[in-house]
Amino acid sequence: MNHNVRKLLWIILGIVLISGTCVFAEDVPRAEVSVTAGWTFSDGVTGDSILAANGQIYDRVDPKDSFNFGFTGEYFVTPSVEVGFRFNRQKSKLEIGGTTTTEIGDMNVDNWHGIFSYNFGDPEASTRPFIYGGLGATHYGGVDFTFNGVGRTINSLTKFSSTWGGGLKFHASKNVGVKVEGTWTPTHIKTDEAGWFCDPFWGCYLVGNAQYSNQFGFDGGINFRF
């Protein structure tokens, strides 16, 4: 890294830390922990059509829409900006679809993300809108099922993902309140070859069609400030 760039980054970090120290000289919350629960709408990915032994054709795999729960822990860098960690688990089932839809078995979908949040409005206001974004991983748990009387297991899978959301925090007191939010978590599962693309400058190259499994969550819960 260029010496001047490194120096500038250290200066910016110092300003942020000094600003945070000055602002937090007053008796205001430094951290938040929230516990939430809600519902997640999920979709999966498509693939080649397969003719199964039951005579049905299947061409997609999806987590089933289901209940979710989770927690978030964040630290205030300034009265408006937070950094933290978010965990969420969807208690789902694995489904395959095509000419019909068939449940395979129970499957947990776990999301682990480091997040950056921004809270709007006065830090002492009873209601504050917020937005956040984060990067991390989504883990699709293993699925146990029985086929023709024989027990089988589909192995677990972990993929890189991001998460984005926002909502409102309502605080009737300084330390305890209510939080409602909406969240979108796209997870890259695979990239299918889409064909060749040619242009006069770069020539010809193979392009792909990325497929994502999306989770759309709507949650609410208790928010604690310290």
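In the set (1) closer than 29 Å to F226 by Cα; (2) modelled with pLDDT of 80 or more, the condition left unmet by V23 is number (2). Taking the numbered list (1) within 23 Å of Q211 (Cα to Cα); (2) at pLDDT 95 or above in turn, T72 passes all entries but (1).
Has segment 183-192 got any residue that is free of Cβ contacts under 8 Å to residues at least 24 places away in the same chain, in contact with a His (Cβ under 6 Å, 6 or more places away or on another chain), surrounded by 12 or more Cβ atoms within 10 Å (Cβ to Cβ) and over 19 Å from E32 (Cα atoms)? No, segment 183-192 has no match at all.
Looking at R128, R152, can you tell me which residue is charged (D, E, K, R), over 16 Å from the mean Cα position of the chain (by Cα) and either at pLDDT 95 or above or surrounded by 15 or more Cβ atoms within 10 Å (Cβ to Cβ) (or both)? None of the others qualify; the one that does is R128.
Each row is one residue, and each column tells you yes or no for (1) within 22 Å of F216 (Cα to Cα); (2) of a type outside the set (A, V, I, L, M, F, W, C); (3) touching a residue at least 60 places away in the same chain (Cβ under 8 Å); (4) buried (at least 17 other Cβ atoms within 10 Å of the Cβ).
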| site | (1), (2), (3), (4) |
| --- | --- |
| L51 | no, no, no, no |
| R60 | yes, yes, no, no |
| V77 | no, no, yes, yes |
| S117 | yes, yes, no, yes |
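Counting only residues that are assigned to a strand (DSSP E or B), farther than 13 Å from L94 by Cα and modelled with pLDDT under 95, segment 135-149 holds 2 of them.
The values are calculated or read from the model by the stated rules, or taken from the named source; none is laboratory data. Computed from a predicted structure; not experimentally measured. Cβ: placed from backbone, ideal geometry, glycine included. Neighbour counts: every protein chain shown.
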